[in-house]
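S.K.: Dumping the structure here so I can ask a few things about it.
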Amino acid sequence: MIVATTPAHSAPLDPAAPPRSRWRRLRLPATAVYLSGLIVVSAVFSVLSDSAQTRMVLHASTNLHNLLSGRLGTLLASAFVIGDVVGSWVIIPLLACLLALAELRFGALRAVRVFLAGHIGATLLVAAGLWVGVQAGWVPASIRWAEDVGVSYGAMALIGALVAAVPHRWRIAWATLWFIVAVEGVLIEQTFTHVGHLVAFMIGTAVGFLMTTRSTTPAHRLTRLESALLAASAILAATLLMG
(Lines give C-alpha, C1' and ligand atoms only; values in the text may rest on other atoms or scores of the structure.)
Protein backbone atom coordinates (compact mmCIF):
# COMPACT_ATOMS: atom_id res chain seq x y z
CA MET A 1 0.00 0.00 0.00
CA ILE A 2 6.06 3.48 -1.19
CA VAL A 3 9.15 4.69 0.38
CA ALA A 4 7.91 5.56 3.86
CA THR A 5 8.65 8.78 5.65
CA THR A 6 8.42 6.71 8.81
CA PRO A 7 8.35 2.91 9.12
CA ALA A 8 4.55 3.02 9.37
CA HIS A 9 3.78 5.71 6.76
CA SER A 10 3.99 5.77 2.99
CA ALA A 11 4.98 9.04 1.35
CA PRO A 12 2.61 10.54 -1.22
CA LEU A 13 3.67 10.10 -4.82
CA ASP A 14 5.55 13.14 -6.10
CA PRO A 15 5.19 13.58 -9.87
CA ALA A 16 8.38 15.65 -9.91
CA ALA A 17 10.48 12.94 -8.28
CA PRO A 18 13.22 11.18 -10.31
CA PRO A 19 12.00 7.99 -12.08
CA ARG A 20 13.90 5.64 -9.77
CA SER A 21 12.52 7.35 -6.66
CA ARG A 22 8.96 7.26 -8.05
CA TRP A 23 9.17 3.52 -8.71
CA ARG A 24 10.45 2.94 -5.18
CA ARG A 25 7.45 4.87 -3.85
CA LEU A 26 5.09 2.63 -5.80
CA ARG A 27 5.81 -0.15 -3.35
CA LEU A 28 2.43 -0.15 -1.65
CA PRO A 29 2.79 -2.36 1.45
CA ALA A 30 -0.70 -2.00 2.91
CA THR A 31 -2.37 -2.58 -0.47
CA ALA A 32 -0.14 -5.58 -1.21
CA VAL A 33 -0.67 -7.25 2.16
CA TYR A 34 -4.44 -6.83 2.20
CA LEU A 35 -4.94 -7.88 -1.41
CA SER A 36 -2.73 -10.93 -0.90
CA GLY A 37 -4.87 -12.06 2.03
CA LEU A 38 -8.06 -11.32 0.13
CA ILE A 39 -6.92 -13.28 -2.93
CA VAL A 40 -5.84 -16.28 -0.86
CA VAL A 41 -9.14 -16.40 1.03
CA SER A 42 -11.13 -15.95 -2.18
CA ALA A 43 -9.17 -18.75 -3.88
CA VAL A 44 -9.81 -21.12 -0.97
CA PHE A 45 -13.46 -20.09 -0.85
CA SER A 46 -13.90 -20.83 -4.56
CA VAL A 47 -12.92 -24.50 -4.19
CA LEU A 48 -15.15 -25.22 -1.19
CA SER A 49 -18.49 -26.95 -1.46
CA ASP A 50 -21.65 -24.87 -1.20
CA SER A 51 -22.26 -26.02 2.36
CA ALA A 52 -18.68 -25.26 3.37
CA GLN A 53 -18.92 -21.82 1.79
CA THR A 54 -22.08 -21.11 3.77
CA ARG A 55 -20.41 -22.20 7.01
CA MET A 56 -17.37 -20.03 6.27
CA VAL A 57 -19.50 -16.98 5.55
CA LEU A 58 -21.61 -17.43 8.68
CA HIS A 59 -18.50 -18.00 10.78
CA ALA A 60 -16.94 -14.73 9.57
CA SER A 61 -20.15 -12.67 9.53
CA THR A 62 -20.51 -9.61 11.71
CA ASN A 63 -24.15 -10.44 12.40
CA LEU A 64 -25.88 -9.87 15.71
CA HIS A 65 -25.51 -13.50 16.76
CA ASN A 66 -21.73 -13.48 16.41
CA LEU A 67 -21.22 -10.00 17.87
CA LEU A 68 -23.49 -10.58 20.86
CA SER A 69 -21.71 -13.89 21.44
CA GLY A 70 -18.45 -11.98 21.87
CA ARG A 71 -16.92 -13.05 18.56
CA LEU A 72 -15.35 -9.67 17.90
CA GLY A 73 -12.73 -11.24 15.66
CA THR A 74 -15.36 -11.22 12.95
CA LEU A 75 -14.90 -7.43 12.74
CA LEU A 76 -11.60 -8.16 10.97
CA ALA A 77 -12.26 -11.60 9.49
CA SER A 78 -15.33 -10.37 7.63
CA ALA A 79 -13.17 -7.96 5.60
CA PHE A 80 -11.35 -10.90 4.00
CA VAL A 81 -14.44 -12.82 2.85
CA ILE A 82 -16.37 -11.55 -0.15
CA GLY A 83 -18.80 -14.46 -0.29
CA ASP A 84 -19.41 -14.30 -4.04
CA VAL A 85 -17.03 -16.40 -6.12
CA VAL A 86 -17.77 -14.67 -9.42
CA GLY A 87 -18.17 -11.18 -7.98
CA SER A 88 -14.91 -11.40 -6.02
CA TRP A 89 -12.80 -11.52 -9.17
CA VAL A 90 -14.54 -8.38 -10.42
CA ILE A 91 -14.36 -6.52 -7.11
CA ILE A 92 -10.74 -7.33 -6.25
CA PRO A 93 -9.08 -5.58 -9.25
CA LEU A 94 -11.23 -2.47 -8.75
CA LEU A 95 -10.54 -2.54 -5.01
CA ALA A 96 -6.82 -2.77 -5.76
CA CYS A 97 -7.07 0.51 -7.68
CA LEU A 98 -8.91 2.22 -4.82
CA LEU A 99 -6.47 0.97 -2.19
CA ALA A 100 -3.47 1.98 -4.29
CA LEU A 101 -4.85 5.48 -4.85
CA ALA A 102 -5.66 5.92 -1.17
CA GLU A 103 -2.20 4.76 -0.14
CA LEU A 104 -0.47 6.96 -2.71
CA ARG A 105 -2.38 10.04 -1.55
CA PHE A 106 -2.70 9.43 2.19
CA GLY A 107 0.10 7.01 3.07
CA ALA A 108 -0.25 3.42 4.24
CA LEU A 109 -1.14 3.97 7.88
CA ARG A 110 -3.76 6.64 7.24
CA ALA A 111 -5.36 4.61 4.43
CA VAL A 112 -5.61 1.59 6.75
CA ARG A 113 -7.14 3.73 9.49
CA VAL A 114 -9.79 5.11 7.16
CA PHE A 115 -10.64 1.64 5.85
CA LEU A 116 -10.97 0.22 9.36
CA ALA A 117 -12.94 3.25 10.59
CA GLY A 118 -15.48 2.67 7.83
CA HIS A 119 -15.53 -1.11 8.07
CA ILE A 120 -15.73 -1.40 11.85
CA GLY A 121 -17.59 1.84 12.52
CA ALA A 122 -20.37 1.18 10.01
CA THR A 123 -20.62 -2.45 11.11
CA LEU A 124 -21.12 -1.55 14.76
CA LEU A 125 -23.55 1.29 14.04
CA VAL A 126 -25.64 -0.91 11.75
CA ALA A 127 -25.54 -3.73 14.30
CA ALA A 128 -26.74 -1.35 17.00
CA GLY A 129 -29.61 -0.25 14.78
CA LEU A 130 -30.54 -3.86 14.02
CA TRP A 131 -30.47 -4.75 17.71
CA VAL A 132 -32.85 -1.90 18.49
CA GLY A 133 -35.04 -3.00 15.58
CA VAL A 134 -35.17 -6.59 16.79
CA GLN A 135 -35.95 -5.53 20.37
CA ALA A 136 -38.73 -3.24 19.16
CA GLY A 137 -40.11 -5.82 16.75
CA TRP A 138 -39.45 -3.65 13.69
CA VAL A 139 -37.31 -6.29 11.98
CA PRO A 140 -37.57 -10.09 12.16
CA ALA A 141 -35.46 -11.86 14.78
CA SER A 142 -33.98 -14.05 12.05
CA ILE A 143 -31.78 -11.13 11.01
CA ARG A 144 -29.56 -12.07 13.95
CA TRP A 145 -28.07 -14.79 11.75
CA ALA A 146 -27.81 -12.79 8.52
CA GLU A 147 -24.74 -13.19 6.31
CA ASP A 148 -22.67 -10.02 6.63
CA VAL A 149 -19.19 -10.13 5.13
CA GLY A 150 -17.27 -8.21 2.50
CA VAL A 151 -15.08 -5.24 1.70
CA SER A 152 -17.79 -2.75 0.83
CA TYR A 153 -17.93 -0.75 4.08
CA GLY A 154 -14.18 -0.14 4.16
CA ALA A 155 -14.14 0.61 0.45
CA MET A 156 -16.94 3.15 0.74
CA ALA A 157 -15.09 4.88 3.57
CA LEU A 158 -12.08 5.28 1.28
CA ILE A 159 -14.33 6.56 -1.52
CA GLY A 160 -15.58 9.23 0.88
CA ALA A 161 -12.09 10.10 2.06
CA LEU A 162 -11.03 10.76 -1.54
CA VAL A 163 -12.58 14.23 -1.18
CA ALA A 164 -9.14 15.06 0.22
CA ALA A 165 -7.44 13.74 -2.91
CA VAL A 166 -9.56 15.04 -5.79
CA PRO A 167 -9.00 18.60 -7.05
CA HIS A 168 -10.53 21.27 -4.83
CA ARG A 169 -13.18 22.27 -7.37
CA TRP A 170 -14.44 18.66 -7.55
CA ARG A 171 -14.72 17.96 -3.82
CA ILE A 172 -18.29 19.03 -3.20
CA ALA A 173 -19.45 17.36 -6.41
CA TRP A 174 -17.64 14.11 -5.51
CA ALA A 175 -19.13 13.98 -2.02
CA THR A 176 -22.62 14.98 -3.18
CA LEU A 177 -22.75 12.51 -6.07
CA TRP A 178 -21.89 9.44 -4.01
CA PHE A 179 -24.07 10.58 -1.10
CA ILE A 180 -27.09 10.80 -3.44
CA VAL A 181 -26.32 7.38 -4.96
CA ALA A 182 -25.90 5.84 -1.50
CA VAL A 183 -29.18 7.31 -0.26
CA GLU A 184 -30.92 6.09 -3.40
CA GLY A 185 -29.59 2.61 -2.72
CA VAL A 186 -31.05 2.69 0.79
CA LEU A 187 -34.44 3.89 -0.44
CA ILE A 188 -34.66 1.37 -3.28
CA GLU A 189 -33.10 -1.75 -1.77
CA GLN A 190 -34.03 -1.10 1.88
CA THR A 191 -31.38 -3.45 3.26
CA PHE A 192 -29.08 -2.97 6.23
CA THR A 193 -26.12 -3.47 3.87
CA HIS A 194 -27.06 -0.38 1.88
CA VAL A 195 -27.51 1.55 5.13
CA GLY A 196 -24.00 0.42 6.03
CA HIS A 197 -22.68 1.72 2.71
CA LEU A 198 -24.18 5.13 3.44
CA VAL A 199 -22.83 5.20 7.00
CA ALA A 200 -19.34 4.11 5.91
CA PHE A 201 -19.28 6.71 3.15
CA MET A 202 -20.24 9.45 5.60
CA ILE A 203 -17.51 8.34 8.00
CA GLY A 204 -14.92 8.44 5.24
CA THR A 205 -16.13 11.78 3.90
CA ALA A 206 -15.93 13.33 7.37
CA VAL A 207 -12.36 12.06 7.71
CA GLY A 208 -11.52 13.35 4.23
CA PHE A 209 -12.78 16.86 4.91
CA LEU A 210 -10.99 16.81 8.26
CA MET A 211 -7.74 15.99 6.45
CA THR A 212 -8.22 18.95 4.12
CA THR A 213 -8.74 21.36 7.01
CA ARG A 214 -5.68 20.10 8.87
CA SER A 215 -3.38 20.08 5.87
CA THR A 216 -0.91 22.97 5.77
CA THR A 217 0.05 22.39 2.13
CA PRO A 218 -2.23 22.12 -0.92
CA ALA A 219 -2.64 18.64 -2.39
CA HIS A 220 -0.66 18.06 -5.56
CA ARG A 221 -2.52 17.50 -8.81
CA LEU A 222 -3.56 14.00 -9.79
CA THR A 223 -1.03 12.27 -12.00
CA ARG A 224 -2.19 10.25 -15.00
CA LEU A 225 -1.80 7.07 -12.98
CA GLU A 226 -3.82 8.51 -10.10
CA SER A 227 -6.52 9.73 -12.48
CA ALA A 228 -6.85 6.21 -13.90
CA LEU A 229 -7.03 4.78 -10.38
CA LEU A 230 -9.70 7.35 -9.49
CA ALA A 231 -11.80 6.30 -12.49
CA ALA A 232 -11.56 2.65 -11.44
CA SER A 233 -12.48 3.64 -7.88
CA ALA A 234 -15.60 5.38 -9.17
CA ILE A 235 -16.60 2.20 -11.03
CA LEU A 236 -16.16 0.24 -7.79
CA ALA A 237 -18.31 2.73 -5.87
CA ALA A 238 -21.08 2.49 -8.46
CA THR A 239 -20.86 -1.32 -8.43
CA LEU A 240 -21.15 -1.51 -4.65
CA LEU A 241 -23.88 1.10 -4.25
CA MET A 242 -26.08 -0.05 -7.12
CA GLY A 243 -25.38 -3.78 -6.85
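The values are calculated or read from the model by the stated rules, or taken from the named source; none is laboratory data. Because the structure is predicted, anything quoted here is derived from the model rather than measured. Counting neighbours? That spans all protein chains shown, and the Cβs are built from the backbone with ideal geometry, glycine included. Please note that ligands, DNA and RNA were not included when accessible areas were found on the heavy atoms of the full protein model with its side chains. Shrake-Rupley method; radii C 1.70, N 1.55, O 1.52, S 1.80 Å.
S.K.: What base-10 log of the normalised intensity I(q)/I(0) is obtained for the range 61-114 from the Debye formula, alpha carbons as equal point scatterers, at q = 0.24 Å⁻¹?
M.R.: Log10 I(q)/I(0), no solvent term: -0.93.
S.K.: Taking every Cα atom in the range 152-232, find the radius of gyration and the maximum pairwise distance Dmax, and write them in Å.
M.R.: Both quantities, over Cα of the range 152-232: 13.3, 41 Å.
S.K.: While we're on this one: How large are Rg and Dmax for the range 88-167 when only the alpha carbon atoms are used, in Å?
M.R.: Expressed in Å, the Cα Rg and Dmax of the range 88-167 come to 15.6, 46.
S.K.: What percentages make up the Cα-Cα pair-distance distribution of the chain when the bins are 10 Å wide from 0?
M.R.: All Cα pairs, binned at 10 Å, distribute as 8, 31, 35, 19, 6, 1, 0 percent.
S.K.: Could you order peptides 97-110, 115-128 by the average number of other Cβ atoms within 10 Å of their residues, highest first?
M.R.: Final packing ranking: 97-110, 115-128.
S.K.: Here's a follow-up. When the accessible area of the chain is computed with all protein chains present and a 1.4 Å probe, what percentage of it is carbon and sulfur?
M.R.: Accessible surface attributable to carbon and sulfur in the chain totals 68 percent.
S.K.: Counting Lys and Arg as +1 and Asp and Glu as -1, each charge on the Cβ, what is the dipole of the chain about the Cα centre in debye, to the nearest 20?
M.R.: Approximately 1020 debye in magnitude.
S.K.: May I pose another question? Going by average Cβ density within 10 Å per residue, which order do the peptides 159-172, 179-192 take, highest to lowest?
M.R.: With the highest mean Cβ count within 10 Å placed first, the list reads 159-172, 179-192.
S.K.: Mind giving me the FRET efficiency for Ala228 and Val44? R0 is 30 Å, r the Cβ-Cβ distance, nearest 0.05 is fine.
M.R.: Efficiency, from the Cβ-Cβ distance: 0.45.
S.K.: Turning to a different aspect of this structure: Per DSSP H run of n ≥ 4, the term is -39500 (n - 2.57); total these for the chain, divide by its residue number, and report the mean residue ellipticity at 222 nm rounded to 500 deg cm²/dmol.
M.R.: Calculated at 222 nm, the ellipticity per residue is -22500 deg cm²/dmol.
S.K.: Can you tell me how much longer the chain between Trp89 and Thr54 gets when fully stretched, taken as 0.36 nm per residue apart minus their C-alpha distance, in nm with one decimal?
M.R.: Here the answer is 10.7 nm.
S.K.: Ratio of Rg to Rh for the range 29-101, alpha carbon only, Kirkwood?
M.R.: Ratio of gyration radius to Kirkwood radius for the range 29-101: 1.00.
S.K.: Now for a different question. Please give the length that would be gained between Glu147 and Val183 if that part of the chain were fully extended, namely 0.36 nm times their separation in residues minus their C-alpha to C-alpha distance (nm, one decimal).
M.R.: 10.8 nm is the gain from fully extending Glu147 to Val183.
S.K.: Express the accessible area of the range 97-183 per residue in Å², computed with a 1.4 Å probe while the remaining protein chains stay in the model.
M.R.: Accessible area per residue, the range 97-183: 41 Å².
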